[in-house]
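Here is the structure we will look at, set down as C-alpha cells.
Each reported figure results from applying straightforward, stated rules to the coordinates on display, with no laboratory input. Small disclaimer: the values here were computed from a predicted structure and weren't measured. Here the Cβ positions follow ideal geometry from the backbone for every residue, glycine too, while neighbour counts run over all protein chains shown.
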Amino acid sequence: MSETLIAVIVGGILTTAAAVVTEYVRGRREFRLDREKRADDRRLAHDTFQRETLIRLQDALVAWTRVEQEQHMSDVRTFRETGKWGHALAGEELSARELDANRTLSLLRSRVDDEDLRAQLGVCQDI
C-alpha cells in the first residue's frame, strides 16, 4: 500500500475515534445534567409541598386553638353554673368542629418533615 492510502486510513480511524469519544463525553455530560435537573426538580417539589403544608398547618393550628378555646370557655361557663368541672358535654356543633380541627391538624402534622415541630404539635394536641 502506498503511504498516502495508509495516512488516509489512519486519519479516518482517528477522526472516527475522536467523534466517538466526543459523542461519549457529550452523552455523559447530558446524562449528568439531566440527572441533576431531575434531582433539583424533586427538591423543588418537596420544598414547595413543605411550604404549602406549613402554611395550611398555620391555618389549622389557628382553627384548632379557636375551637379549644371555645371548648374551655364552655367548661368555664358550666363550672360557674354547676360548681363542677368537666361534667358537661359540649354541644354537637362544637364537638364536630373540634373533631374536624383535630383531624386536620393531625393530618398536616404527619406531613411535616421537621421532627421537632411534629413532636411539639403532638404535645399541643395532647394537652
- Message: Where the second residue is in a loop (DSSP other than H, G, I, E, B) and loosely packed, with under 15 Cβ neighbours inside 10 Å and the first is at negative phi and lies in the range 69-86, which pairs have Cβ atoms under 6 Å and are six or more apart or on separate chains?
- Response: Thr78/Ala88; Phe79/Trp85
- Note on the structure: Among residues of the range 1-47 being within 25 Å of the chain's Cα centre (by Cα) and of a type in the set (Asp, Glu), the residue farthest from Asp114 (Cα to Cα) is Asp34
- Message: As an exercise: evaluate Leu5 against (1) surrounded by fewer than 10 Cβ atoms within 10 Å (Cβ to Cβ); (2) under 19 Å from Leu121 (Cα atoms); (3) among the hydrophobic types (A, V, I, L, M, F, W, C) and give the number of the one condition it does not meet.
- Response: (2)
- Message: Could you check the range 107-127 and list, in sequence order, the residues that are under 15 Å from the mean Cα position of the chain (by Cα) and surrounded by 12 or more Cβ atoms within 10 Å (Cβ to Cβ)?
- Response: Leu107, Leu108, Arg109, Arg111, Val112, Asp113, Leu117, Arg118
- Just one of the numbered conditions (1) loosely packed, with under 10 Cβ neighbours inside 10 Å; (2) in a helix (DSSP H, G or I) is not true of Leu99; which one? (1)
- Item | Filter result (in contact with a helix residue (DSSP H, G or I) (Cβ under 6 Å, 6 or more places away or on another chain) and either of a type in the set (Ser, Thr, Tyr) or surrounded by fewer than 11 Cβ atoms within 10 Å (Cβ to Cβ) (or both)) within the range 37-63 | Thr53
- Task: For Asp34, indicate whether it is surrounded by 11 or more Cβ atoms within 10 Å (Cβ to Cβ) and without any contact (Cβ under 8 Å) to a residue 24 or more places away in the chain.
- Result: no
- Task: Report whether or not Leu89 is loosely packed, with under 14 Cβ neighbours inside 10 Å, more than 14 Å from Leu121 (Cβ to Cβ) and of a type in the set (A, V, I, L, M).
- Result: yes
